[in-house]
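First up is the structure itself, then whatever we jot down about it.
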Amino acid sequence: MLTAAHCIKDAAAPFDLLAIGGRTDMGSTKETARHVASVKVHPKFVQSTLTHVAAVITISSSMPYAPLPVAGPNDSALYSFGKTAKTVGWGRTGTDTSGTRLKSAVLTLAPLTSCEPFTDPTDSDAQKVCGVTAAGAHDSICRCDSGGLLVAGGKVIGVVSEGNKFCDYQFSVSVFTRVSAVAGALTPVRSGRGRRPAQARTRGVQAQLPCRGRPVQTFRRLRVRRLRARSGY
């Protein structure tokens with residue numbers, strides 16, 4: 001399962017974490033739970049520049065949900081400026097309002113300069129993806145959405161890394177790690193506990209560690225709701 005590196009790099013020992021699937025509401029008890037067998041953070045992850053912001057989580061056994069494939073080197077067309085993609089997450093819906101339901105937003109892919117001030121002139125389109133809201137709308141990621149996925153053409157093309165951290169209308173932009181640039185370095189590692197890991201090659205079900213120590217979440221169904229705000233620091 002794919003997530004953001006800064007969501008998981010300082011987490012507890014892997015086996016103390018749970019991956020929960022099939023839930024779109026924090027208040028629901030309908031779920032599938034699995035222990036986390038191992039975690040691998042991208043070896044080139046840099047916190048200060050938020051580059052290579054990706055990690056893969058291997059669970060102790062598979063879940064009954066179909067994974068989404070991840071974008072690869074031959075999927076550059078999915079990243080074309082002007083195309084749309086859907087992002088999902090559990091982030092805040094306002095500056096002081098925590099998210100309780102899985103939300104989604106459709107964004108338009110744009111040059112990284114469109115995502116300033118959350119991108120720098122030195123950032124590369126080969127490593128990061130910018131998503132902007134439609135004209136007249138204010139949809140974006142928000143704090144605690146980090147680790148959420150960006151999906152286009154039936155494939156995972158990005159992982160939420162940063163963006164509209166204030167959950168307001170001033171900078172309604174979303175920045176993602178480009179999955180095609182990082183997936184090759186995230187071959188899962190096997191657990192030392194002798195458990196057989198799932199086929200977790202950056203599985204398409206979402207893996208995300210939201211704010212306030214909530215367990216790692218994985219999801220099959222995406223409830224379409226507007227997402228106003230930004231990435232989960």
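The values are calculated or read from the model by the stated rules, or taken from the named source; none is laboratory data. Bear in mind the structure is a predicted one, so any value in this text is a computation, not a measurement. Cβ: placed from backbone, ideal geometry, glycine included. Neighbour counts: every protein chain shown. To get the accessible areas, we keep the full protein, side chains included, count just its heavy atoms, and leave off ligands, DNA and RNA. Shrake-Rupley method; radii C 1.70, N 1.55, O 1.52, S 1.80 Å.
Only one entry in SER124, SER140 is farther than 16 Å from HIS52 by Cβ, polar (S, T, N, Q) and part of a loop (DSSP other than H, G, I, E, B), namely SER140. Looking only at region 6-37, residues that are in a strand (DSSP E or B) and over 18 Å from the mean Cα position of the chain (by Cα) come to 5 in all.
Is it the case, given these coordinates, that ALA181 is out of contact with any helix residue (DSSP H, G or I) (no Cβ under 6 Å at 6 or more places or on another chain), open to solvent by 10 Å² or more (accessible area, probe 1.4 Å), modelled with pLDDT of 80 or more and over 25 Å from SER114 (Cα atoms)?
It is false that ALA181 is out of contact with any helix residue (DSSP H, G or I) (no Cβ under 6 Å at 6 or more places or on another chain), open to solvent by 10 Å² or more (accessible area, probe 1.4 Å), modelled with pLDDT of 80 or more and over 25 Å from SER114 (Cα atoms).
Go through region 30-46 and give me each residue that's open to solvent by 50 Å² or more (accessible area, probe 1.4 Å), touching a helix residue (DSSP H, G or I) at 6+ places or on another chain (Cβ under 8 Å) and either over 20 Å from ALA12 (Cβ atoms) or of a type in the set (A, V, I, L, M) (or both). Across region 30-46, the qualifying residues are PRO43, LYS44. Residues that are in contact with a Lys or Arg (Cβ under 9 Å, 6 or more places away or on another chain) and either open to solvent by 50 Å² or more (accessible area, probe 1.4 Å) or among the aliphatic types (A, V, I, L, M) (or both) occur at least once in region 79-89.
Of everything listed in (1) within 18 Å of PHE166 (Cβ to Cβ); (2) open to solvent by less than 20 Å² (accessible area, probe 1.4 Å); (3) in contact with a Phe, Trp or Tyr (Cβ under 8 Å, 6 or more places away or on another chain), the single unmet condition for HIS138 is (2). Are any residues in region 47-67 surrounded by fewer than 17 Cβ atoms within 10 Å (Cβ to Cβ) and either β-branched (Val, Ile, Thr) or within 21 Å of VAL175 (Cβ to Cβ) (or both), and if so, which ones? GLN47, SER48, THR49, listed by residue number.
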